[in-house]
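**Q** One structure coming up, written as structure tokens, with questions to follow.
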Amino acid sequence: MRCRSRLLFWLFCLLSLARFEVFALEPGESELRPESLLDSLEELSFRDTGDPLIDYASKRTWTSTDGRSLSAEIIAADETSGTFRLANGSTTPIPLSRLSEEDQKFIREWRALSEYFNLNYRPRRSLTTFLEAELFDGAFAKNGKIHETRNFRFECDVPLTASVVKDFSRLFEVTYLALENLPIAISPSETHGEKFLVKLFASKNDYYRAGGLENAAGIYIVADRVILVPIESLGLETRGSSGVVMRSGYDPRTLIHETVHAITHQWLEYQPMWIIEGLAEYVAAIPYKNGRLYLDRHQEGLRQQIVDSFGGDPTRFPLWDPNSLVSLTPEAFMNRPAVEERSINLPTIAPFQIELIDPVAEVASAEEDQSEMGGFKPMGFGGIKNISISMGGFAPQARPENVIQRYVSSMLLLDELMKPDDGKALRRFLFSQLHFQWEQRRYLKEFDSTHREHISAVEGQIAEFQAAIDAYNTDAKRYNEAIMAYNAGQNITIPAEPTVPEIPAPIPVPAILQSPRSAAELSVRSYREISPRSHFTIPDRLTLPE
């Protein structure tokens, strides 16, 4: 009697050492998404309304670990403590460890969302006429090439006159104020100790060499976080040794447009193009003069923006159908070649069952096993493949006419959506875009982690059973040798016949691996197309402001 057994295992999930990386970027792609506190959260709920200003209201009743309560407003927080404003107006720091676990979870989510929304936003009733940069902005303006304000650093390759420096200083800061005070409550982007960088060029050729586009009056390069603008597109001119001076045709709208992109940097990956470009146009259309943005003349500014964009005749081209506008891909919006969204096709994992094979059967190699299984390729990044490495403002008559239509139509659509309820529905829409993509990333991370753990468990089971088989084969060899010696007439004691190890039951497959989400459910592009209609009523048509 001879006992021998060999092991063959088939695994329909990935049994080899290959792994998939859910966030791998293809060579040459730029990662637009900044490091975010959202990535450190295990979950994030919409709570009740899906409106971050309501669900994450800074003012609430807090509970300490010993059961006491405090009504206060959180105004800042880090990993260990928060700063709270009390009812009497004073502020006090409180260690997070003294708060209930529910409050600590709230603060973790509050901190993460504060990167995107100003959760302390309160409508300012005084903002019915104009926004004004503070007197300090530009107060000490001097001629020169490099200048800094509280939040900006701007450089020009030729000297700027003091009057230009003063106006630019106020323009940048009042644009920052405008974004802070819009009812959609967008938080200005964090610059991590640096300032927003603006580079101005006296020569268009120098602008092009720095990365500017020929059909753009200005550009924001996302990867470098820098605004590039030729002074010619602003209606400025170089006048001998005096440097750059203003002239009667001075038009700051391109500079405001690109500044909006820089201030909303953290949003550029999360929002559709009609939001990204529409918001920049919307703010740029607010009439600006001497450090003021005149909110009460916005409708006038919207119309003027359209008049100038269409060469002085706003009726020359029809405005875009808003229902079609919100469904456009980034490439279609910008007249670029279509780019397929990389589909996220997660494998359905079946239980792995170990089988014993006949001793004379050949064992397939690991390479052959993987070939028969069809292999499993690394997973790519789940967003739009090429959202753009730059955001450019257009010069009138420079971009194709239909792109101009989309820019100004997006501006008018945003204006319509901000009117009915002070932008609440629009803010919920912005939040949903953020939440969908964060949840997609969280889900893919969970799938990848669970997949790795399951594979590790299966490999452990295989190794353990293989060790049992090896021990059985060793015992079987000794048993066979004893039988042969006994048959040869030797007086020996026959050992007990070894027992074949019992094949273990398959390790249960976690639910996320048994029924993964489909490619359609994980598609950012699909969500962007269907989500606007679930948040607000899209008008049938857009009309010119009166």
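**Q** Taking region 302-323 only, how many residues are under 27 Å from Gln433 (Cβ atoms) and part of a helix (DSSP H, G or I)?
**A** Residues flagged as under 27 Å from Gln433 (Cβ atoms) and part of a helix (DSSP H, G or I) within region 302-323 amount to 6.
**Q** Give me the helices (runs of 4 or more DSSP H) completely within region 434-543, filtered to those with at least 2 residues that are open to solvent by 50 Å² or more (accessible area, probe 1.4 Å) and closer than 30 Å to Arg303 by Cα, ordered by residue number.
**A** Once the helices (runs of 4 or more DSSP H) in region 434-543 are filtered for at least 2 residues that are open to solvent by 50 Å² or more (accessible area, probe 1.4 Å) and closer than 30 Å to Arg303 by Cα, what remains is 524-530, 532-535.
**Q** Still on this model: Search region 214-260 for residues being without any contact (Cβ under 8 Å) to a residue 60 or more places away in the chain and under 23 Å from the mean Cα position of the chain (by Cα), and hand back the single one that is nearest to His298 (Cα to Cα).
**A** Here the answer is Ile227.
**Q** Related question: Could you please find all residues in region 295-305 being within 32 Å of the chain's Cα centre (by Cα) and touching a residue at least 24 places away in the same chain (Cβ under 8 Å)?
**A** Leu295, His298, Gln299, Leu302, Gln305
**Q** Also: Hey, can you tell me all the residues within region 191-233 that are open to solvent by 30 Å² or more (accessible area, probe 1.4 Å), outside any loop (DSSP other than H, G, I, E, B) and farther than 21 Å from Asp251 by Cβ?
**A** Leu197, Asn205, Arg209
**Q** Do any residues in region 306-332 that are on the phi < 0 side of the Ramachandran plot and open to solvent by 20 Å² or more (accessible area, probe 1.4 Å) have Cβ atoms under 9 Å from those of residues that are in a loop (DSSP other than H, G, I, E, B) and aromatic (Phe, Trp, Tyr), where the two are at least six apart or on different chains, and which pairs are they?
**A** Short answer, once both residue conditions are applied: Arg316/Phe310; Phe317/Phe310; Leu328/Trp320.
The values are calculated or read from the model by the stated rules, or taken from the named source; none is laboratory data. Here the structure is a predicted model, which is why all the values come from computation and not from measurement. Using ideal geometry, Cβ is built from the backbone for each residue, glycine included, and neighbour counts are taken over all protein chains shown. Protein only, heavy atoms only, side chains kept; ligands, DNA and RNA dropped before computing areas. Shrake-Rupley method; radii C 1.70, N 1.55, O 1.52, S 1.80 Å.
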